[in-house]
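*Asks:* My questions will all concern the structure given below.
The values are calculated or read from the model by the stated rules, or taken from the named source; none is laboratory data. Just so you know, these numbers come straight off a predicted model, no measurement behind them. As a convention, Cβ positions derive from the backbone with ideal geometry for all residues, glycine included, and neighbour counts pool all protein chains shown. Accessible surface is based on the protein model in full, side chains and every heavy atom, while ligands, DNA and RNA are left aside. Shrake-Rupley method; radii C 1.70, N 1.55, O 1.52, S 1.80 Å.
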Amino acid sequence: MYLDYLVKLPENTGKITTNKKKDTTYIEYAYERKYDPTKKYTVSKRTTIGKLSKDDLTLMIPNENFLKYFPEIELPETKDRSHRSSCLRIGSHIIIKKIMNDYKIPEMLSDYFNDKELGLLLDMISYSIIAESNANQYYPDYAYNHPLFTNDMRIYSDSKISDFLNSITEDQSLGFLNSWNERRNHREKLYFSYDSTNKNCQAGDIEIVEYGKAKIDAGTPIFNYAIAYDNKNSEPLFYEKYPGSITDVAQLKHMVDKAKGYGYKNIGFILDRGYFSKSNFEYLDSCGYSFIVMMKGMKSLVKELIIEHKGTFENKRVNNIFDYGVYGKSVKRTLYASDEKERYFHVYHSIFKESYERRYIELKIHELNEYLNKYKNTEKEFNSTVDHYFELFYDDKKFMFAREKASVIEEEISLCGYFVIITSQKMTATAAIDFYKGRDASEKLFRGDKAYLGNKSLRVHSDVRAASKIFIEFVALIVRNKIYTCLREEKKKLSKKPNFMTVPAALKELEKIEMIRQLDQVYRLDHAVTSNQKKILNAFEMTENYIKHKSIEISNQLKGCE
């Protein structure tokens, strides 16, 4: 991304070269030189730091790499964009500001950021939620037609945003995490829902990215990003980022240590099967932490258990758990051969899940049959999935035909609809599934993080900016999750379930609450709050009068800004 100002060409002529392509001259910087023993000469590693000005050959238009390799060069003042739209969208801003104040987020951040930095940081958080984007270059367009947290509601350019991201330190982000977790009740029994994802890296030389097992493989290096949630209050607590080659199983112990470091003692962990390992369970036991983990019925660990209890609970009303459409039963046994403790295995069956899973198996076997028929009388080797379901017959090296392994397929069909939740502490099957289903909020958060905060990939060129964007994303996640939970609770109260009570739809509706600037240069509400908007506002304990009051506050602020 090229910045919107000119700087002098660096004087380090020994490392600076030009590369002309068509009518543009690019400035390149040799940031490293290494001797290549095979070629027997020194090879330079170069990167583009900008492009030459066409009007003045002593000046250049820098990009983000220039900021990385020449941090000592003084930059020109950011362009003043004091002008703003005559129509401001205020609804979402008011909601976000209220949630931030209720959580005391500005107060906590003010301990680590000065007034100028704080305002810009809060605006970046709001921008990622409202605009569903983390791209710096579009921030000025957002700021043009929204109220802001910056002093005098000043609109900064995308280059100023880049400078700001480059200035956020680990001490500042870790300081906020300490303050955020310090305010919580550490004596209360909490269950942490811990989940992780990975993000592709599209640009830059970032140390944390490595090739690993990506959930969406774009062929690029990745880094992992995990968040611990308070399952009871549905709030993110802390996050961690680690290289893409590190697996979830290996990272869990470090996350547990972080929880201890934040002062949490009376806690349990709700995990998905990706964290299932003997060493992890032993470590949780040694720390005195409980756990809840889910396993599907096809897994060998729980297969025998399901077969043993199959037919003993699925139709008994005493085992019905209506809220989740399942029947459940609890039994005790050890988790692995050397386990010294008895665990509680909660076996469940769902007829809806059975129908879906059986249909999936039938389609898979049908597609495999069609696939095998294409290769009759040809030389062909098949993968382990085919070998699992079919007995293959060859004439010399030619594949002739296949026969279904009926017993294997029938066993899988018999396990359809079953799953098991394992808990380290005694509880009912109803309590276990209730805890585990609380993970839905955290899983929705991760989907929201990628889809609605624009964070599927990071578009940065340095580790500092990557860390800064992850930090901003986390604080935005706190606010967005509160919007989600408020809307969810309000929706439960309504007899009809309107489609505008999701976070994206509600924000879109709130964006329609606008102030317009009239001939006297004063901003006023354009129209009354609509019926749908009132229902959304109720979720945040707001009324139309509250919006009117806040619009007057914004108008008064803007009088001194224009």
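*Asks:* Express the accessible area of the range 8-131 per residue in Å², computed with a 1.4 Å probe while the remaining protein chains stay in the model.
*Replies:* Per-residue accessible area for the range 8-131 comes out at 56 Å².
*Asks:* Continuing with this model, one more query. For a protection proxy built on the mean count of beta-carbon atoms within 10 angstrom, sort 392-399, 532-539, 320-327 highest first, please.
*Replies:* On the way: 392-399: 11.6, 532-539: 18.9, 320-327: 15.5.
For the peptides 392-399, 532-539, 320-327, the packing ranking is 532-539, 320-327, 392-399.
*Asks:* Round to a whole number: what % of the accessible area of the chain belongs to carbon and sulfur, probe 1.4 Å?
*Replies:* Roughly 48 percent, rounded to a whole number.
*Asks:* I'd like to check one number: the per residue accessible area of the range 325-444, probe 1.4 Å, reported in Å² as a whole number.
*Replies:* Result: 58 Å² per residue.
*Asks:* With all protein chains present and a 1.4 Å probe, how do 334, 150, 48 order by accessible area, largest first?
*Replies:* The most accessible residue leads, giving 334, 48, 150.
*Asks:* Express in nm, to one decimal, how much length is gained between residue 524 and residue 384 on full extension, taking 0.36 nm for each residue of separation and deducting their alpha carbon distance.
*Replies:* 43.6 nm
*Asks:* What's the long-distance tail for the range 280-369, i.e. % of Cα pairs beyond 15 Å? Intermediate values should be presented prior to the final figure.
*Replies:* Values: 2776 of 4005 pairs.
When every Cα pair of the range 280-369 is considered, 69 percent fall beyond 15 Å.
*Asks:* Could you tell me what fraction of 2.2 N^0.38 Å the Cα radius of gyration of the range 363-409 comes to, as a two-decimal ratio?
*Replies:* 1.07
*Asks:* Can you list the lysines whose alpha carbon is less than 22 Å from that of residue 548, not counting same-chain residues fewer than 8 positions off?
*Replies:* 97, 98, 508, 512, 534, 535, 559
*Asks:* Within 10 Å, count the other beta carbons around each residue, average over each peptide in 366-374, 513-521, and list them highest first.
*Replies:* Working: 366-374: 12.0, 513-521: 14.1.
Top of the packing list down: 513-521, 366-374.
*Asks:* Same structure, new question: Using all C-alpha to C-alpha distances in the chain, build P(r) with 10 Å bins and read off the rounded percent in each one.
*Replies:* Over the chain, the share of Cα pairs per 10 Å bin runs 3, 14, 20, 22, 18, 13, 8, 2, 0, 0 percent.
*Asks:* Okay, moving on. Check which residues have an amide H placed less than 5 Å from residue 25's amide H, if you skip close sequence neighbours.
*Replies:* Under 5 Å from the amide H of residue 25 lie the amide H atoms of 52, each far enough along the sequence or on another chain.
*Asks:* Take every DSSP beta bridge whose two residues both sit in the chain, then give the antiparallel share in percent to the nearest 5.
*Replies:* If we restrict to bridges inside the chain, about 90 percent are antiparallel.
*Asks:* With a 1.4 Å probe and every protein chain left in place, work out the accessible area per residue of the range 484-528 in Å², rounded to a whole number.
*Replies:* So the range 484-528 comes to 61 Å² accessible per residue, rounded to a whole number.
*Asks:* Which loop GluC sites (Glu not before Pro) in the range 271-321, with loop taken from DSSP, have no more than 14 other Cβ atoms within 10 angstrom of their Cβ?
*Replies:* none
*Asks:* I would also like to ask the following. I'd like the Kirkwood hydrodynamic radius of the range 1-67, using the inverse of the mean 1/r over distinct C-alpha pairs, in Å.
*Replies:* Hydrodynamic radius (Kirkwood, Cα pairs) of the range 1-67 is 12.8 Å.
*Asks:* Oh, and also: Using Cα atoms only, what is the angle between the long axis of helix 91-103 and the major principal axis of the chain, expressed in degrees (0 to 90) to the nearest 10?
*Replies:* For helix 91-103, the angle is close to 70 degrees.
*Asks:* Just to confirm the number: angle between the C-alpha axis of helix 439-452 and the first principal axis of the chain, 0 to 90 degrees, nearest 10?
*Replies:* Taking Cα atoms only, the helix is inclined about 40 degrees.
*Asks:* Between the helical axis of 351-373 and the dominant principal axis of the chain, each derived from Cα atoms, what acute angle in degrees is found, rounded to the nearest 10?
*Replies:* Helix 351-373 sits roughly 90 degrees off the main axis of the chain.
*Asks:* Another one. Please turn the phi angles of the range 139-153 into ³J(HN,Hα) values with the Karplus equation 6.51 cos²θ - 1.76 cosθ + 1.60 (θ = phi - 60°), one per residue in order, whole Hz, x for glycine and proline.
*Replies:* Each residue of the range 139-153 in turn: 4, x, 5, 5, 5, 4, 10, 9, x, 10, 8, 5, 4, 6, 6 Hz.
*Asks:* Karplus couplings for the range 338-346 from phi (6.51 cos²θ - 1.76 cosθ + 1.60, θ = phi - 60°), rounded to Hz, Gly and Pro as x?
*Replies:* Karplus values, whole Hz, x for Gly and Pro: 8, 5, 9, 10, 7, 9, 10, 9, 9.
*Asks:* Report the Rg/Rh value for the range 61-152, based on alpha-carbon coordinates and the Kirkwood definition of Rh. Spell out each step's value before the answer.
*Replies:* On the way: Rg = 15.0 Å, Rh = 15.0 Å.
Radius of gyration relative to Kirkwood radius: 1.00.
*Asks:* I've got another one for you. Subtract the Cα-Cα distance of residue 254 and residue 376 from 0.36 nm times their separation in residues, and report this length gain in nm to one decimal.
*Replies:* Difference between extended and current length: 38.7 nm.
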